[in-house]
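The values are calculated or read from the model by the stated rules, or taken from the named source; none is laboratory data. What you are looking at is a predicted structure, and each value in this text was computed from that prediction instead of being measured. In this analysis, Cβ positions are derived from the backbone assuming ideal geometry, glycine residues included, and neighbour counts consider all displayed protein chains.
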Amino acid sequence: MSEDNLQDYLTIKQAAKFLGVTAETLRNWDRKGKLIPYRNPLNRYRLYKLSDLEQLLIEIGQRDGASEESQK
């Protein structure tokens, strides 16, 4: 995380809003290993890299598109 700028990361609340889910959903995904957050070295708060969240949205969109095609 030291190489990246802190501006490249979102707090759990910001990440939840960005993805359209609740912070509790992100915590559940963390526990299940679906989306692993980084940790702030000072306070250990969860931080989510913006590029990881954008990639997740792309993957979800591709999966949704495939399931919509199979329903036709």
Qualifying positions in segment 21-54 - under 13 Å from D8 (Cβ atoms), assigned to a helix (DSSP H, G or I) and of a type outside the set (A, V, I, L, M):
S51, D52, E54
Matching option when the condition is of a type in the set (D, E) and at pLDDT below 90, among D4, D30, D8:
D4
Would you mention how many residues in segment 24-54 are of a type in the set (S, T, N, Q) and in contact with a strand residue (DSSP E or B) (Cβ under 9 Å, 6 or more places away or on another chain)?
1
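For segment 28-45, which positions are within 20 Å of E59 (Cβ to Cβ) and either surrounded by 14 or more Cβ atoms within 10 Å (Cβ to Cβ) or in contact with a Ser or Thr (Cβ under 7 Å, 6 or more places away or on another chain) (or both)? Working first, answer last.
Start the filter on segment 28-45 by keeping residues that are within 20 Å of E59 (Cβ to Cβ), which leaves 28-38.
Of everything in segment 28-45, those that are within 20 Å of E59 (Cβ to Cβ) and either surrounded by 14 or more Cβ atoms within 10 Å (Cβ to Cβ) or in contact with a Ser or Thr (Cβ under 7 Å, 6 or more places away or on another chain) (or both) turn out to be W29, D30, L35, P37, Y38.
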